[in-house]
Each structure stands twice: as C-alpha cells, then as structure tokens.
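Q: Dropping a structure here in structure tokens format, bear with me for questions.
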Amino acid sequence: MARRSLEVSSNHVYWLVVVALTVCTLFFVGSVQERRGQLRTDRSVKIDSGTVVTLVRVIDADEVSVRPEGGGTFVVRLLGVKGFSTTVNEPGLSGLGQNAASHLERLLVDKPVSVVFDELATDRSGRVLAYLEVEDQDVGEQMVRVGQLVTYTRFAFSREERYLSAEAEARTHRTGLWGNYKAVSRVQGWQDTWKAAREAEEG
C-alpha cells in the first residue's frame with residue numbers, strides 16, 4: 001500500500017511539474033505577444049537611413065523597439081540574422097533566446113543607435129527591416145560573431161558575405177550556440193530550408 005501511495009504521489013508531482021511548465025510557457029509567449037502588440041504602433045514609419053534612435057525595449061533576440069528623438073516608437077527586425085525565441089522551453093534550447101536578448105540589450109542600452117538600411121522596408125507585421133549600428137559597428141554582425149545569432153539566409157541582403165564570415169568564425173571556435181549540439185542541429189535544419197526556398201525561387 002505504501003509503495004502504491006508513493007507511485008501515485010510521484011505521478012502527481014510529475015503532472016504538477018508538466019502543468020507548471022506549460023503555464024510558464026504560455027505566460028512568456030503571451031507576454032512577448034503583448035509587448036509586440038503594445039510597441040508595434042506605427043505601420044507607416046518614415047525615417048532616413050542613419051536615423052539615430054534610443055532603445056525602448058528588446059522584444060526578442062532579433063527584434064527591438066526604438067524611438068527617434070521627437071518621434072514615435074517603432075519596431076526593428078534586424079536584417080540578416082535569426083535567433084532562438086525567448087519563449088522556447090525545450091531541453092537543450094531553452095535559455096538561448098533569452099541569453100541572446102540580454103546580450104543585445106547590453107549592446108544597445110543607453111547608447112545612440114543608428115537604424116541603417118539600403119531601402120526602407122517593412123514586413124507584414126509592420127516591423128522596419130534594418131541593420132542597427134552603435135559607434136559605426138554593426139550590432140547584428142557582432143551578435144553573429146559571438147554565436148548569439150545566426151545568419152538568416154532565406155533572403156539575400158547586402159551584408160550577407162560579412163555575416164557569413166563572422167558566422168564561420170564563431171562556428172569554427174564553437175562560440176555561443178555553436179557549442180550546443182542540439183542548437184547546431186536545429187540551425188542546420190533552418191539553413192537547409194532557407195537554401196531550398198532560395199534555390200526554388202532563383203531556379
């Protein structure tokens with residue numbers, strides 16, 4: 001009887017942990033979506049390349065809300081990079097997105113940030129697609145070089161060769177996520193998908 005009670009108790013603990021993890025995941029996903037909804041306020045952003053802004057908030061590992069002096073808040077999706085979401089709750093991968101977001105915040109907070117692009121463009125969510133620079137240094141490229149983000153090769157972009165070179169360096173030294181076997185496997189899957197899509201469009 002005692003053994004049966006122990007088994008029942010263990011099952012209860014297991015399901016309590018599962019429920020708690022599920023609730024936490026839903027909370028974080030909801031929190032990110034809420035922040036995006038609150039901060040993505042202007043779908044008709046009109047700025048020049050090189051506009052200096054200040055950080056309002058890091059939304060995700062490759063997405064930030066910024067504000068130019070005297071202007072309204074808008075969201076920038078960093079060109080040419082992709083990171084793990086801050087809401088990923090999967091063994092071996094959880095925490096990677098939050099680490100990258102924290103690193104991105106350290107690079108941008110309390111500094112004048114330039115929004116740079118070849119041509120002003122927004123995505124379907126109204127996010128400005130651009131590079132971010134601090135003291136003439138490309139923030140996305142820096143993030144790739146230290147293995148916090150990977151080069152997003154689904155679409156061609158003007159700094160692609162620089163980013164791929166930075167990524168090769170990080171991968172060679174197993175820097176950041178490149179030292180995580182499961183992350184590397186997941187990124188390889190992304191890259192295969194992006195390559196196939198580009199080849200289909202170009203072929």
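Q: So Ala197 ticks every box in (1) within 22 Å of Arg77 (Cα to Cα); (2) touching a Gly at 6+ places or on another chain (Cβ under 9 Å) but one. Which box is left unticked?
A: Going through (1) within 22 Å of Arg77 (Cα to Cα); (2) touching a Gly at 6+ places or on another chain (Cβ under 9 Å) one by one, Ala197 breaks only (2).
Q: Moving to a separate point now. Looking only at the stretch 133-163, filter to residues that are among the aliphatic types (A, V, I, L, M) and in a helix (DSSP H, G or I); which one of those is surrounded by the most Cβ atoms within 10 Å (Cβ to Cβ)? Show your work before the answer.
A: In the first step, residues of the stretch 133-163 are kept if they are among the aliphatic types (A, V, I, L, M); the result is 134, 139, 143-144, 146, 149-150, 156.
Now drop any that are not in a helix (DSSP H, G or I), which leaves 139, 143-144.
Details: Val139: 23, Met143: 26, Val144: 29.
Looking at residues that are among the aliphatic types (A, V, I, L, M) and in a helix (DSSP H, G or I), I get Val144.
Q: Run Val150 past the list (1) closer than 19 Å to Arg57 by Cβ; (2) out of contact with any Phe, Trp or Tyr (no Cβ under 7 Å at 6 or more places or on another chain); (3) touching a residue at least 60 places away in the same chain (Cβ under 8 Å) and report the number of the one that doesn't hold.
A: That leaves (1) as the condition not met.
Q: Check Ala166, Ala130, Ala196 and return the single one that is among the aliphatic types (A, V, I, L, M), assigned to a helix (DSSP H, G or I) and buried (at least 19 other Cβ atoms within 10 Å of the Cβ). Spell out the reasoning first.
A: Numbers: Ala130 fails: assigned to a helix (DSSP H, G or I); Ala196 fails: buried (at least 19 other Cβ atoms within 10 Å of the Cβ).
Among Ala166, Ala130, Ala196, only Ala166 is among the aliphatic types (A, V, I, L, M), assigned to a helix (DSSP H, G or I) and buried (at least 19 other Cβ atoms within 10 Å of the Cβ).
Bear in mind that the values in this text are calculations on the coordinates, not laboratory data. Values in this document were obtained by computation on a predicted structure and should not be read as measured data. Note that each Cβ is placed from the backbone with ideal geometry, even for glycine, and that neighbours are counted across all protein chains shown.
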